Amino acid sequence: MTRIGITTTVPVEIILAAGHIPVDLNNIFITSPEAGKFVEAAEEAGYPRNICGWIKGLYSIVVNRDGNTGDGIDKVIAVTQGDCSNTHALMETYELAGVETIPFAYPYDRDYDLLKLQMEKLMGALGTDWEAVAAVKHQLDKLRLKVAEIDRLTWEENTVSGFHNHLYQVSCSDFNSDLTAFEADVDAFLTKTASAAEYTDDLRLGFIGVPPIFPDLYPYLETMGARVVYNEVQRQFAMPFVTDDIVEQYRLYTYPYGVFGRIKDIEAEIERRNLDGIVHYVQSFCFRQIEDIILREKLDIPILTIEGDKPGKIDARTRLRIDSFLEMLR
């Protein structure tokens, strides 16, 4: 089976229906103890310093220091619209290293026919059809409902940590490249959670923006008496909206489209989950930083914006800002 790298969430049902293995390059990068070295390796290969750390990590996961392809990735599906503008150049540097790339674009205006066409082109490139994709979707729908239960337990029963809420939902981009093992892990976690003690944190937070490059953010918040009970983008990766139409499923997925659709979803969850405040994470050198202006204008809730560059622990200045924000909320 072919291992196919993805640069962000794509219609994973198509990859699985074609008999291939999806590999979210972001998850491989950020969970590696060598994450910082991956960034350095990309810079040594010529990537500018003022380019997003995630993009540099995605490059080095696939292309080794010697210029050869690594990590057993046979080809990469790169999202050319609806994620990161730097992905275009990332694709070109992949191609320079001999890595086959397949473009996929989310139409900005959520046009149904254009999205369907993109999905059909991806099916043609990978060798599958609508019938096989529908069968995989039916299987994944059941698994996604289990992950949705982890999310519900986080905010309604208060028995799941913000980190585990993040982890299981963000993993739905590729299901850790092994559907069977991932479902067994989810089942075991749900069983364990059934007897878990209730969290008693005095502050309930939302986390919006791209997943953080800081691995210790969630544990730090909990040591300070706050817990993330809403992970915006991670929840979207888990496809929280139930529909039988797979094209509609990826139209309802908010992340690749305009910020105002995201705001509607965030506003609904602020009320439903009874949030006290929001942490907005922005990545250095990312165009999405500009959206912070709109989010602050439209969301009627205290917001702390924090910025990350390279993988590593939260720096002292950011910890101080978090502490002050939590104290202000209290």
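Where a number appears in this text, it was derived from the coordinates with a stated rule and is not lab data. Keep in mind that this is a model prediction, so the values were computed, not measured. Don't worry about glycine lacking a Cβ; one is built from the backbone with ideal geometry, like all the others, and counts go over all protein chains shown.
Overview of results
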quantity	calculated
Value at 222 nm in deg cm²/dmol, rounded to 500, when DSSP H runs of n ≥ 4 in the chain each add -39,500 (n - 2.57)	-15000 deg cm²/dmol
Set of the range 286-330 residues, backbone N closer than 13 Å to the point 7 Å along the Cα-Cβ line of Asp216	312-320
Candidates Asn50, Asn176, Asn64, ranked by Gaussian network fluctuation over the chain, Cα under 10 Å, top entry	Asn50
Spin-label pair Tyr199/Ser85, simplified geometry with 7 Å Cα→Cβ offset, distance in nm	3.6
18 Å Cα-Cα reach of Lys121 towards aspartates and glutamates, excluding residues that sit fewer than 8 places from it in its own chain	Glu13, Glu100, Asp111, Asp113, Asp129, Glu131, Asp245, Glu248
The range 171-270: projected area of the alpha-carbon convex hull, averaged over directions, in nm²	8.2
Cα coordinate range in the chain, projected on the principal axes (Å, largest first)	54, 45, 38
Proximal aspartates and glutamates relative to Lys192, as straight alpha-carbon distance under 18 Å, when same-chain residues fewer than 8 apart are discounted	Glu149, Asp151, Glu156, Glu157, Glu183
Residue-span extension gain [Val259 to Asp315] - 0.36 nm each, minus C-alpha spacing	17.3 nm
Amide hydrogen neighbours beyond the local backbone of Leu203, cut-off 5 Å, H modeled	Arg227
Extension reserve of the Asn64-Glu100 stretch, reckoned as 0.36 nm per residue once the Cα distance is removed	11.4 nm
Normalised convex hull volume, the range 85-201, alpha-carbon set, Å³ per residue	171
Principal axis box of the range 145-209, alpha-carbon based, largest edge first, Å	37, 32, 16
Estimated distance in nm for a label pair at Glu327 and Ile290, the labels positioned 7 Å out from Cα along Cα-to-Cβ	3.6
Net lengthening on full extension, Asp178/Thr243 (0.36 nm per residue, minus Cα-Cα)	21.0 nm
Cross-link pairs beyond the 26 Å C-alpha cut-off, checked among Lys56/Lys313; Lys146/Lys310; Lys75/Lys146; Lys37/Lys75	Lys146/Lys310; Lys75/Lys146
Efficiency of FRET between Lys192 and Glu34 - r from beta-carbon atoms, R0 22 angstrom, step 0.05	0.15
Phi to ³J(HN,Hα) by Karplus 6.51 cos²θ - 1.76 cosθ + 1.60 over the range 232-241, Hz, x for Gly, Pro	4, 5, 4, 4, 5, 4, 7, 6, x, 9
Spin-label zone in the range 226-240 - amide nitrogen under 16 Å from a point set 7 Å from the Cα of Glu156 along the C-beta vector	229-231, 240
Overall dimensions of the range 253-310 by Cα: Rg and Dmax, Å	11.7, 33
Helical segments meeting 30 Å axial Cα length and Kyte-Doolittle -1.0 threshold in the chain (DSSP H)	130-152
For the chain: relative contact order, % (alpha-carbon pairs under 8 angstrom, 6 or more apart)	19
